[in-house]
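J.: So that we are looking at the same thing, I have put the structure below in structure tokens.
The values are calculated or read from the model by the stated rules, or taken from the named source; none is laboratory data. All values derive from a computational prediction rather than experimental measurement. Positions of Cβ are generated from backbone atoms using ideal geometry, with glycine treated the same way; all protein chains shown enter the neighbour counts.
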Amino acid sequence: MTEKDIVVIGGGPGGYVAAIHAAHLGAEVAVIEKDRLGGTCLNRGCIPTKALVRSVEVLLEARRANEFGIEVGSIEASLPRIMARKRRIVDRLVSGVEQLMKANKISVHRGAGCILSPHLIKVDDTEIATRKIIIATGSESSPLVIDGLHLPGVLTTDDILELEELPQSLVVIGGSHVGVEFASIFSALGAKTTIVKRRHLLLEPVDEEIGRRFAQTLSRQGIEVIIGAAVKAIRKAGAGLKVVWDTAEGEHGVEGEMVLMATGRRPYSEGLGLSELGVKMDGGAIDVNERLETNIDGVYAIGDVLGKHMLAHVASYEGEIAAENALGRRRLADYRAVPTCVFTFPVVAGVGITEKEAKDSGIPHKVSKFPFLACGRAVAMDETAGIVKMICHADSGKVLGLHIMGPHADDLIAEGALAVQLGATAGDIAHAIHAHPTLPEAVRETALGQLQGSIHFGRT
């Protein structure tokens, strides 16, 4: 039996990155995956939803073409063609990951892995000996356990990605990032969309002010948001469904042709044999140290199965760290600068601490803001909704947090992530020449607001 240096269980954005990074460092690596390589992110999450978002962006731009002096004919959205495009993109990227496995001489074993010992894993009828193990089994949907959950027309986030016919109306249970993204997508495509949520929609961990500003944009998109609804059941209602909850005045509800359950995700570690191995758990999540090692020597865990930062880019980051530690290096995980992006209309993004966190922690801080309305590039694009908000340490001037709602916020947040990670100051950003006319100038102007004041906007 050939012994591998590392066996990675799970081929998602954490697992396949861990495997490739370990191979780059000279290790003999195997990956175990029971489904398609790429995990939830590539097959049923980040990539397919962003493919849909792009289709909707083109649709919204086409509807406004006359405002830009462009005359177009009939504008119609074809959901089957949109979904076909989405599948082509996913297949292309899955194929790319498969090619990377071959190029890096990583053996891929199809099936569910079970850990027999810290140095032996079984996949179906095959046993693989290994020096180290990295668990990267991800997460699964965590629906509300309520009556009517399995009625026809009640969708998971996986199901909705396979629709071929647009529902006339959609009720989204939960205001998670994913739920809000789907609400924005299907509302723009023409479905009457309602979000039903127990608490206020704030898009944590993005700054609360940004979350409130975004919530105010939903009604302008035609999306109704119902707050304070502790959903207790889903019932049939004519040809559709009704989501119901109790209030002080009695039972209330909202009807829709379909219902999307978008109530978050939970770590997935079924069938790994963790209890038999003695792996320490934190509820359903695997407990690890700063080196991403479990309490069992040589067994590491990364990504959503840790139940903390359930983001693909965090899983990939952790995959690199776990691979290095498994091969004898020493690298600690650092979560100071984890960017969050919500791909809605407009886009929302944040990194570092929020203004509320600074206040609650007693950190002396200064807040500056700059509206896209005063950014030349945003005005030229006619995408002026939103602001950039920066939180800096009042004494050192170091950037502690950057939060954005507006055009290309998902791209702009990288400057904030780098600033927080490197301990850069507002002065460092302000004194760096930013190209004109560009959207990053809005970040620079916000940094100037921490100093003498923004050039193109009044003092805040």
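J.: Can you tell me which of Thr137, Thr130 is at pLDDT 95 or above, in the same structural domain as Cys46 (by TED's automatic domain parsing), buried (at least 18 other Cβ atoms within 10 Å of the Cβ) and part of a loop (DSSP other than H, G, I, E, B)? Explain how you work it out, then say what you get.
T.: On the way: Thr130 fails: part of a loop (DSSP other than H, G, I, E, B).
When all the criteria are applied, what remains is Thr137.
Yes/no matrix, rows are residues, columns are (1) hydroxyl-bearing (Ser, Thr, Tyr); (2) over 19 Å from Glu320 (Cβ atoms); (3) assigned by TED's automatic domain parsing to the domain that holds Gly271:
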| site | (1), (2), (3) |
| --- | --- |
| Ile47 | no, yes, yes |
| Ser55 | yes, yes, yes |
| Leu60 | no, yes, yes |
| Arg64 | no, yes, yes |
| Arg81 | no, yes, yes |
| Lys86 | no, yes, yes |
| Asn104 | no, no, yes |
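J.: Can you name the helices (runs of 4 or more DSSP H) wholly within the range 400-460 that have at least 3 residues being assigned by TED's automatic domain parsing to the domain that holds Val206, of a type in the set (D, E, K, R) and under 23 Å from Ala380 (Cα atoms)? Working first, answer last.
T.: Values: elements: 409-422, 426-430, 440-448.
Once the helices (runs of 4 or more DSSP H) in the range 400-460 are filtered for at least 3 residues that are assigned by TED's automatic domain parsing to the domain that holds Val206, of a type in the set (D, E, K, R) and under 23 Å from Ala380 (Cα atoms), nothing remains.
J.: Taking the range 374-399 only, how many residues are touching a residue at least 60 places away in the same chain (Cβ under 8 Å), in contact with a helix residue (DSSP H, G or I) (Cβ under 6 Å, 6 or more places away or on another chain) and assigned to a loop (DSSP other than H, G, I, E, B)?
T.: Here the count works out to 2.
J.: So is Gly278 at pLDDT below 95, of a type outside the set (Val, Ile, Thr) and loosely packed, with under 15 Cβ neighbours inside 10 Å or not? Spell out how you get there, then give the answer.
T.: Details: at pLDDT below 95: no; of a type outside the set (Val, Ile, Thr): yes; loosely packed, with under 15 Cβ neighbours inside 10 Å: yes.
So Gly278 does not fit the description; no.
J.: Tell me which residues, restricted to the range 59-77, are without any contact (Cβ under 8 Å) to a residue 12 or more places away in the chain and surrounded by 12 or more Cβ atoms within 10 Å (Cβ to Cβ).
T.: Of all residues in the range 59-77, those without any contact (Cβ under 8 Å) to a residue 12 or more places away in the chain come to 61, 65-66, 69-74, 76.
Of everything in the range 59-77, those that are without any contact (Cβ under 8 Å) to a residue 12 or more places away in the chain and surrounded by 12 or more Cβ atoms within 10 Å (Cβ to Cβ) turn out to be Glu61, Ala65.
J.: Which residue is modelled with the lowest pLDDT, if the candidates are limited to the range 197-216 and must be within 20 Å of the chain's Cα centre (by Cα) and closer than 30 Å to Glu165 by Cα?
T.: For the range 197-216, the residue satisfying everything is Leu201.
J.: Just to be sure before I move on: is Ser107 at pLDDT 95 or above, under 17 Å from Gly12 (Cβ atoms) and either surrounded by fewer than 16 Cβ atoms within 10 Å (Cβ to Cβ) or among the polar types (S, T, N, Q) (or both) in the structure I sent?
T.: no
J.: For the range 158-175, give me each residue that is over 23 Å from Glu204 (Cβ atoms) and in a loop (DSSP other than H, G, I, E, B).
T.: Asp158, Leu163, Glu164, Glu165, Leu166, Pro167, Gln168
J.: A follow-up question, please. Arg336 fails exactly one of the following numbered conditions: (1) of a type in the set (Lys, Arg); (2) in contact (Cβ under 8 Å) with a residue 40 or more places away in the chain; (3) over 30 Å from Lys280 (Cα atoms). What is the number of that condition?
T.: All conditions are met except number (3).
J.: Going by the structure shown, is Val206 β-branched (Val, Ile, Thr), farther than 22 Å from Val154 by Cβ and not in a helix (DSSP H, G or I)?
T.: On the way: β-branched (Val, Ile, Thr): yes; farther than 22 Å from Val154 by Cβ: yes; not in a helix (DSSP H, G or I): yes.
So Val206 fits the description; yes.
J.: Shifting gears a bit: What pairs come up if the first residue lies in the range 354-373 and is more than 14 Å from Ala394 (Cα to Cα), the second is among the β-branched types (Val, Ile, Thr) and assigned to a strand (DSSP E or B), and their beta carbons are under 6 Å apart, counting only those six or more places apart or on different chains?
T.: Lys369/Ile387; Phe370/Val388; Pro371/Ile387
J.: Limited to the range 46-83, what total is found for residues that are over 23 Å from the mean Cα position of the chain (by Cα) and among the basic types (Lys, Arg)?
T.: 3
J.: Within the range 176-191, is even one residue modelled with pLDDT of 95 or more, touching a Gly at 6+ places or on another chain (Cβ under 7 Å) and outside any strand (DSSP E or B)?
T.: Within the range 176-191 (the criterion being modelled with pLDDT of 95 or more, touching a Gly at 6+ places or on another chain (Cβ under 7 Å) and outside any strand (DSSP E or B)), the answer is yes, since at least one residue qualifies.
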